[in-house]
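Since the structure comes first, as structure tokens, the remarks are kept for the end.
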Amino acid sequence: MIDYAERYGSQGLEIYGHSRGSMTWFNAMATLDKRGETGVLSNTDVHYYGPLSNA
């Protein structure tokens, strides 16, 4: 997920996460934030449906 975000996050990436997928995406975003890579997702829309994490 991190590689995917780094490659396409500024190109109009649209993510739909459900249940476990939401948690996976949430963890990837947290890792990017810890690395200081906040601009990577500058053109990304994230939609959670029934997330397992506190998004």
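The values are calculated or read from the model by the stated rules, or taken from the named source; none is laboratory data. None of these values were measured; they are calculated from a predicted model. So basically every Cβ, Gly included, is an ideal-geometry build from the backbone, and we count neighbours across all protein chains shown.
In table form, for the structure just shown:
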| read-out | value |
| --- | --- |
| Only one of Gly17, Gly21, Gly9, Gly36 that is of a type outside the set (A, V, I, L, M) and touching a Pro at 6+ places or on another chain (Cβ under 7 Å) | Gly17 |
| Yes/no for Ser22 being of a type in the set (Gly, Ala, Ser) and out of contact with any strand residue (DSSP E or B) (no Cβ under 7 Å at 6 or more places or on another chain) | no |
| Filter result (surrounded by 15 or more Cβ atoms within 10 Å (Cβ to Cβ) and either among the hydrophobic types (A, V, I, L, M, F, W, C) or touching a helix residue (DSSP H, G or I) at 6+ places or on another chain (Cβ under 7 Å) (or both)) within region 31-43 | Leu32, Val40, Leu41 |
| Single residue of region 9-30 satisfying the filter (over 18 Å from Pro51 (Cα atoms) and either at pLDDT 95 or above or polar (S, T, N, Q) (or both)) that is surrounded by the most Cβ atoms within 10 Å (Cβ to Cβ) | Ser10 |
| Any hit, region 33-49, residues being under 9 Å from the mean Cα position of the chain (by Cα), part of a helix (DSSP H, G or I) and among the polar types (S, T, N, Q) | no |
